[in-house]
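J.: Sharing a structure below in structure tokens format, with a few things to ask.
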Amino acid sequence: MRLLAGHLSWHAAPAPAWVAHILSDATPHPPVPLLQTPHATIGSVTYAGIHHLRAPQIYVAADARIDDVQALWHTLRTSTDPAMPPSPAHLIARAYTRWGADLGRHVLGDYAIALWDARQHRLVLIRDAIGICPLFYTHTPGGVAVASTVRALLAHPQVSPRVNEEAVTRYLVRATTGGLDTFFEGIRAVPPAHALVLTPTGTTSHRYWQAEAQAPAPPSSDFSSDVACARGLRTVLQRAVNDRMAGSGTGVSASGGLDSAAVACLAHIARPGAAPLPLFAATFPNLPPHLRRRSDERAYLNHLTRTGRFRTHQLPVDHLNPAAHLDDAVRELAAPPHICNLYLQRHIHRSARQAGCTVLLDGSEGDVAVSHGFGWLSELAAARRWTAFIDEVQALVDRIGGARGPDLFWAFGAPYLRDHIAAHKTSGLQAAWLLHRALGVSRKALWMRCVLGGDSPATAAALVRPERAALLPERPEPPLPQTEREAHAQSLYVDDAATGAVLAEINHLAATDGIERRHPFYDRRVLEYCLALPPTQKLRHGWTRWVLRTAMAPDMPAAIRWRAGKSNLAPTFERNLLRDAAPRLDAAATHPQLTNYLAPGAVAAARASGDATTCWRILGVAAWFDAWPHLAASSMASSSPLRQDVSPLVDAAYPSSLPATVS
């Protein structure tokens with residue numbers, strides 16, 4: 001289990017017992033090294049480890065996987081340094097001496113960093129740009145405790161668990177806070193792409209990276225032709241895959257879709273001459289035919305297998321109960337999970353571990369990183385190029401099964417038509433008539449929603465009690481994007497989306513199964529390159545992610561490269577959850593704590609409408625309340641005897657700060 005932890009006391013010596021205890025319990029490989037000063041104790045049970053730079057008195061504990069290490073070390077090393085850094089923590093310490101708390105701007109990768117700067121008497125907490133590595137903190141009397149899990153903080157003797165009622169309500173109604181508020185009052189997550197600097201007088205925070213529509217294209221980018229764009233994406237994505245490989249212990253979580261197939265093909269190229277690369281895929285062979293067509297990917301997986309480059313592990317999952325691992329996940333995360341397909345992920349993790357893998361690459365959020373290009377529709381609508389808008393919508397309808405012209409108009413064109421009519425009524429009404437004739441958009445709906453200016457009345461789901469809903473603060477709507485690039489940048493914002501929280505959950509739970517998940521599409525270099533691409537590289541003639549399709553020729557089978565749609569895992573989840581978790585839903589309807597949040601009849605209404613996602617969240621909160629005695633009692637564990645395998649690394653400047661052994 002990967003874990004970092006630290007305790008800081010501003011004005012007194014911190015007790016190292018909590019840090020030593022939770023770290024020693026987290027590893028089967030003692031001893032656990034600690035860094036100790038008169039004010040801070042930090043440690044890490046991760047590959048990144050800990051490091052102490054004595055001259056500037058910098059102490060680092062990290063959970064980190066650093067990209068492009070050679071280039072970064074070339075920037076930082078001196079003539080007396082070895083050719084490569086001794087550890088990621090050493091590299092981070094040196095980066096801090098160069099760039100201070102702004103090191104995240106220059107260090108690529110997935111990381112959570114706790115750094116004690118003894119000379120400036122400050123604690124610096126830094127989280128990677130997407131939030132893949134979790135990092136939490138809480139204020140204690142006279143200090144701060146930090147850890148990469150909420151459970152570790154709950155074990156601190158000075159932390160008293162209290163329910164964060166707003167977080168519970170937000171979770172139930174699917175209102176995101178970007179994963180910053182935990183379900184416990186006073187325990188907060190470090191925001192993705194942020195550095196927090198904590199001192200005795202307060203806390204400051206700054207964002208070191210953000211996907212920006214106006215940001216310049218990456219250096220040496222060439223967007224002069226289709227070939228140049230595809231070559232550029234292929235180069236940057238191959239680099240992202242290469243940096244995430246782990247030799248023979250690498251596998252790929254595959255679905256048969258474009259994104260995961262791209263990762264699989266590039267991972268094979270990264271290990272020439274090696275044995276076939278293991279792929280792990282959930283399959284649904286026993287579903288009824290009408291559901292199997294929507295979910296089962298075996299036909300596409302077989303195309304990959306027939307290349308001879310892959311050893312495919314097809315894992316039937318259509319019989320699994322989605323709630324089977326819910327209680328374990330709640331105890332691990334100290335929160336209800338956001339991931340509805342948690343049961344599939346854990347089945348894949350355990351199968352991969354049994355096959356000898358330690359790292360799983362995946363294509364998670366490739367469609368967000370590269371972009372489907374739907375923002376191009378918004379850009380055409382914003383420019384009032386309605387004929388071109390109609391052409392692209394009709395091409396999408398032809399390509400994508402189930403896509404409907406009116407739905408695409410309401411999603412990507414309606415706000416701009418409303419503005420057009422308000423500014424120039426005659427030409428705006430002519431555009432509305434054209435959209436009605438070409439796409440079949442209802443004339444009545446156009447009149448009500450675009451001419452009169454009122455949107456269709458929102459139907460508020462009566463899920464939570466009104467007094468709970470009233471306490472949720474209003475969140476302003478983001479500005480209406482005027483270009484595809486603005487729309488793409490909005491989709492990549494991680495501070496007001498749950499992306500970081502979801503990926504951090506997947507990684508945490510994977511680690512408990514002995515697997516590290518790695519996400520090449522969420523490499524910052526890939527995101528910056530894709531954001532800068534011309535919009536017609538993302539959507540062209542109804543083909544979404546055009547540039548990725550062309551970039552992967554000839555290594556990806558054509559049947560996958562030019563498939564129009566993608567699988568839908570919802571049917572199995574909905575059917576199995578509502579069927580197999582029925583007794584748990586019955587109990588949730590009368591759960592003593594949950595009924596303080598849910599409106600009367602909310603569980604029955606969700607079940608009757610087949611709203612499996614809402615049912616999942618209800619079950620998650622019920623499981624969290626049921627786990628409360630176990631979680632709240634975690635602090636008692638910190639008083640148990642310490643294992644005798646803790647190895648303190650004492651600052652030479654303070655030889656009396658720790659005894660020779662910890663007991």
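The values are calculated or read from the model by the stated rules, or taken from the named source; none is laboratory data. These numbers were taken from a predicted model, which means no experiment stands behind them. Neighbour counts are summed over all protein chains in view; Cβ atoms, including those assigned to glycine, are modelled from backbone coordinates with ideal geometry. Only protein heavy atoms, including side chains, enter the accessible area calculation; ligands, DNA and RNA are left aside. Shrake-Rupley method; radii C 1.70, N 1.55, O 1.52, S 1.80 Å.
J.: Between 260, 225, which is under 21 Å from the mean Cα position of the chain (by Cα), more than 30 Å from residue 606 (Cβ to Cβ) and modelled with pLDDT of 95 or more? Don't jump to the end; show me each part of the working.
T.: Working: 225 fails: under 21 Å from the mean Cα position of the chain (by Cα).
Answer to the selection: 260.
J.: Surrounded by fewer than 21 Cβ atoms within 10 Å (Cβ to Cβ), assigned to a loop (DSSP other than H, G, I, E, B) and at positive phi: is that true of residue 224 in this structure?
T.: Details: surrounded by fewer than 21 Cβ atoms within 10 Å (Cβ to Cβ): yes; assigned to a loop (DSSP other than H, G, I, E, B): yes; at positive phi: no.
Considered against the rule, which asks whether it is surrounded by fewer than 21 Cβ atoms within 10 Å (Cβ to Cβ), assigned to a loop (DSSP other than H, G, I, E, B) and at positive phi, residue 224 comes out as no.
J.: Given (1) at pLDDT below 95; (2) open to solvent by less than 10 Å² (accessible area, probe 1.4 Å); (3) of a type in the set (Gly, Ala, Ser), where does residue 142 come up short, assuming only one miss?
T.: Only one criterion in (1) at pLDDT below 95; (2) open to solvent by less than 10 Å² (accessible area, probe 1.4 Å); (3) of a type in the set (Gly, Ala, Ser) is unmet by residue 142, namely (2).
J.: Do the conditions hold for residue 453, that is, is it modelled with pLDDT under 80, open to solvent by 30 Å² or more (accessible area, probe 1.4 Å) and over 30 Å from residue 172 (Cβ atoms)? Steps first, please.
T.: On the way: modelled with pLDDT under 80: yes; open to solvent by 30 Å² or more (accessible area, probe 1.4 Å): yes; over 30 Å from residue 172 (Cβ atoms): yes.
When the stated conditions are applied, residue 453 passes them.
J.: Restricting attention to the stretch 94-117, report how many residues are outside any helix (DSSP H, G or I) and among the aromatic types (Phe, Trp, Tyr).
T.: First pass over the stretch 94-117, keeping only residues outside any helix (DSSP H, G or I): 106-117.
Among the residues that remain, those that are also among the aromatic types (Phe, Trp, Tyr) are: 111, 116.
The number of residues fulfilling the criteria is 2.
J.: With respect to residue 278, is the statement that it is surrounded by 15 or more Cβ atoms within 10 Å (Cβ to Cβ), touching a Gly at 6+ places or on another chain (Cβ under 6 Å), of a type outside the set (Asp, Glu) and not in a helix (DSSP H, G or I) true? Quick ask: steps written out before the conclusion?
T.: Values: surrounded by 15 or more Cβ atoms within 10 Å (Cβ to Cβ): yes; touching a Gly at 6+ places or on another chain (Cβ under 6 Å): yes; of a type outside the set (Asp, Glu): yes; not in a helix (DSSP H, G or I): yes.
Spelling it out, residue 278 is indeed surrounded by 15 or more Cβ atoms within 10 Å (Cβ to Cβ), touching a Gly at 6+ places or on another chain (Cβ under 6 Å), of a type outside the set (Asp, Glu) and not in a helix (DSSP H, G or I).
J.: Filtering the stretch 525-581 down to residues that are among the acidic types (Asp, Glu) and either touching an Asp or Glu at 6+ places or on another chain (Cβ under 7 Å) or farther than 25 Å from residue 344 by Cα (or both), which residue is surrounded by the most Cβ atoms within 10 Å (Cβ to Cβ)?
T.: Applying the first criterion (among the acidic types (Asp, Glu)) to the stretch 525-581 yields 528, 555, 574, 580.
Subset that is either touching an Asp or Glu at 6+ places or on another chain (Cβ under 7 Å) or farther than 25 Å from residue 344 by Cα (or both): 528, 555.
Numbers: 528: 19, 555: 17.
By that ranking, first place goes to 528.
J.: If you scan the stretch 188-221, which residues turn out to be over 19 Å from residue 525 (Cα atoms), outside any strand (DSSP E or B) and touching an Asp or Glu at 6+ places or on another chain (Cβ under 8 Å)?
T.: Step one: filter the stretch 188-221 for residues over 19 Å from residue 525 (Cα atoms), giving 188-191, 195-206.
Subsequent filtering for residues that are outside any strand (DSSP E or B) retains 190-191, 200-201.
Across the stretch 188-221, the qualifying residue is only 191.
Table: residues versus (1) at pLDDT below 80; (2) assigned to a loop (DSSP other than H, G, I, E, B); (3) aromatic (Phe, Trp, Tyr); (4) surrounded by fewer than 24 Cβ atoms within 10 Å (Cβ to Cβ).
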residue	(1), (2), (3), (4)
14	yes, yes, no, no
20	no, no, no, no
24	no, no, no, yes
29	yes, yes, no, yes
33	yes, no, no, yes
41	no, no, no, no
50	no, no, no, no
60	no, no, no, no
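J.: OK, next. Whether any residue in the stretch 428-440 is open to solvent by 50 Å² or more (accessible area, probe 1.4 Å), in contact with a strand residue (DSSP E or B) (Cβ under 8 Å, 6 or more places away or on another chain) and modelled with pLDDT of 90 or more is what I want to check.
T.: No.
J.: I would also like to ask the following. Answer with yes or no whether residue 396 is touching a helix residue (DSSP H, G or I) at 6+ places or on another chain (Cβ under 7 Å), crowded, with 18+ Cβ neighbours inside 10 Å, in a helix (DSSP H, G or I) and in contact (Cβ under 8 Å) with a residue 24 or more places away in the chain. Quick ask: steps written out before the conclusion?
T.: Working: touching a helix residue (DSSP H, G or I) at 6+ places or on another chain (Cβ under 7 Å): yes; crowded, with 18+ Cβ neighbours inside 10 Å: yes; in a helix (DSSP H, G or I): yes; in contact (Cβ under 8 Å) with a residue 24 or more places away in the chain: yes.
So residue 396 fits the description; yes.
J.: Quick one: is residue 388 of a type in the set (Gly, Ala, Ser) and either open to solvent by 30 Å² or more (accessible area, probe 1.4 Å) or free of Cβ contacts under 8 Å to residues at least 40 places away in the same chain (or both)? Let's see the steps before the verdict.
T.: Working: of a type in the set (Gly, Ala, Ser): yes; either open to solvent by 30 Å² or more (accessible area, probe 1.4 Å) or free of Cβ contacts under 8 Å to residues at least 40 places away in the same chain (or both): yes.
In short, yes.
J.: Quick one: residue 197 ticks every box in (1) under 24 Å from residue 152 (Cα atoms); (2) modelled with pLDDT under 95; (3) surrounded by 14 or more Cβ atoms within 10 Å (Cβ to Cβ) except a single one, so which number is it?
T.: (2)
J.: Would you confirm whether any residue within the stretch 586-600 is touching a Cys at 6+ places or on another chain (Cβ under 8 Å), assigned to a helix (DSSP H, G or I) and modelled with pLDDT of 95 or more? Walk me through how you get there before you give the answer.
T.: As a first pass, look at the stretch 586-600 and keep what is touching a Cys at 6+ places or on another chain (Cβ under 8 Å): none.
No, the conditions are met nowhere in the stretch 586-600.
J.: A further question on this structure: When you look at residue 270, is it surrounded by 14 or more Cβ atoms within 10 Å (Cβ to Cβ), within 20 Å of residue 368 (Cα to Cα) and of a type in the set (A, V, I, L, M, F, W, C), yes or no? Break it down stepwise before answering.
T.: On the way: surrounded by 14 or more Cβ atoms within 10 Å (Cβ to Cβ): yes; within 20 Å of residue 368 (Cα to Cα): no; of a type in the set (A, V, I, L, M, F, W, C): yes.
For residue 270, the condition - surrounded by 14 or more Cβ atoms within 10 Å (Cβ to Cβ), within 20 Å of residue 368 (Cα to Cα) and of a type in the set (A, V, I, L, M, F, W, C) - is not met.
J.: Picking from 72, 91, which residue would you name as being open to solvent by 10 Å² or more (accessible area, probe 1.4 Å), within 30 Å of residue 237 (Cβ to Cβ) and assigned to a helix (DSSP H, G or I)?
T.: Numbers: 91 fails: open to solvent by 10 Å² or more (accessible area, probe 1.4 Å).
None of the others qualify; the one that does is 72.
J.: Give the stretch 289-308 a look and list any residue that's in contact (Cβ under 8 Å) with a residue 24 or more places away in the chain, closer than 16 Å to residue 573 by Cα and either β-branched (Val, Ile, Thr) or part of a helix (DSSP H, G or I) (or both), or say none.
T.: If the condition is that a residue be in contact (Cβ under 8 Å) with a residue 24 or more places away in the chain, closer than 16 Å to residue 573 by Cα and either β-branched (Val, Ile, Thr) or part of a helix (DSSP H, G or I) (or both), then 291, 294, 295 are the ones that fit.
J.: Exactly one condition in (1) under 30 Å from residue 165 (Cα atoms); (2) of a type in the set (S, T, N, Q); (3) part of a loop (DSSP other than H, G, I, E, B) is not met by residue 286; state its number.
T.: (1)
J.: Go through 108, 103 for me and flag whichever is under 22 Å from the mean Cα position of the chain (by Cα), at pLDDT 95 or above and open to solvent by less than 10 Å² (accessible area, probe 1.4 Å). Even if it seems obvious, please write down each step before you answer.
T.: Numbers: 108 fails: open to solvent by less than 10 Å² (accessible area, probe 1.4 Å).
Of 108, 103, the one residue that is under 22 Å from the mean Cα position of the chain (by Cα), at pLDDT 95 or above and open to solvent by less than 10 Å² (accessible area, probe 1.4 Å) is 103.
J.: Right, next: Restricting the search to the stretch 63-96, which residues are touching a Pro at 6+ places or on another chain (Cβ under 6 Å) and not aromatic (Phe, Trp, Tyr)? Reasoning before the result, please.
T.: Filtering the stretch 63-96 for residues touching a Pro at 6+ places or on another chain (Cβ under 6 Å) gives 64, 66, 73, 91.
Residues satisfying the conditions are 64, 66, 91.
J.: Additional query: Could you check the stretch 503-585 for helices (runs of 4 or more DSSP H) lying wholly inside it with 1 or more residues that are over 28 Å from residue 233 (Cα atoms)? Break it down stepwise before answering.
T.: Working: elements: 524-532, 546-551, 558-561, 570-580.
Result: 570-580.
J.: Every residue in the stretch 335-385 that is small (Gly, Ala, Ser), buried (at least 23 other Cβ atoms within 10 Å of the Cβ), at pLDDT 95 or above and touching a strand residue (DSSP E or B) at 6+ places or on another chain (Cβ under 7 Å), please.
T.: Within the stretch 335-385, 352 is the sole residue that qualifies.
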